[in-house]
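Just so it is clear, none of the values below were taken in a lab; they were calculated from the coordinates. As the structure is a prediction and not an experimental result, all values here were calculated from the model. Cβ: placed from backbone, ideal geometry, glycine included. Neighbour counts: every protein chain shown.
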Amino acid sequence: MLADPQTITIDGVAVSLPRIKIEGTKTTYQSADGLHRLIVSYTEAKGNTRYLVRYEEDAVSSDPISAVNKKVSADVYLVIDQPSFGIDDTRVAKVCAGLFSLLDATMLGKVLGNQT
């Protein structure tokens, strides 16, 4: 089991995410104000294990059309599909590290600018 609480630091601000729910192979962590959530889970099917690490952040923002305040959410997640044999945890960790190094500010800026 992961540590409780988890902490995510965004733009220099640390957000504490205490564990609020365990449902089988899915655990949810949430900030005291409810605006930040971390979901960690896994499922097994067809000889693979699928791991999910998902961060969700809510905000209340004025709709530019109606000027009505609405709750909006941004979600960022990592999904790993690992076969039951042939690619071990060490290799998957190295592949993740490679992907994380690729996703620097320049790359993310281009992706968020609709470049493919």
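This model, with +1 at the C-beta of Lys and Arg and -1 at the C-beta of Asp and Glu, gives the chain a dipole about its Cα centre of some 220 debye. Looking at this model, which pairs from Lys26/Lys110; Lys26/Lys94; Lys21/Lys110; Lys46/Lys70 are more than 30 angstrom apart at the alpha-carbon? In this structure, Lys26/Lys110; Lys21/Lys110; Lys46/Lys70 lie more than 30 Å apart at Cα. Each principal axis of the Cα atoms in segment 20-116 has its own extent, and those three values, largest first, are 54, 36, 23 angstrom.
Over the chain, what is the relative contact order in whole percent, taking alpha-carbon pairs under 8 Å and six or more residues apart? Before the final figure, lay out each step's value.
On the way: 168 pairs, mean separation 15.7, N = 116.
Here the relative contact order equals 14 percent.
Each Lys or Arg adds one and each Asp or Glu subtracts one; over the other residues with Cβ under 15 Å from the Cβ of Asp88, this totals 0. For the chain, the mean residue ellipticity at 222 nm estimated from helices alone is -5500 deg cm²/dmol, where every DSSP H run of n ≥ 4 contributes -39500 (n - 2.57) and the total is divided by all residues, rounded to the nearest 500.
Among the trypsin sites (Lys or Arg not before Pro) within segment 39-116, those in coil by DSSP and having at most 13 neighbouring Cβ atoms inside 10 Å are Lys46.
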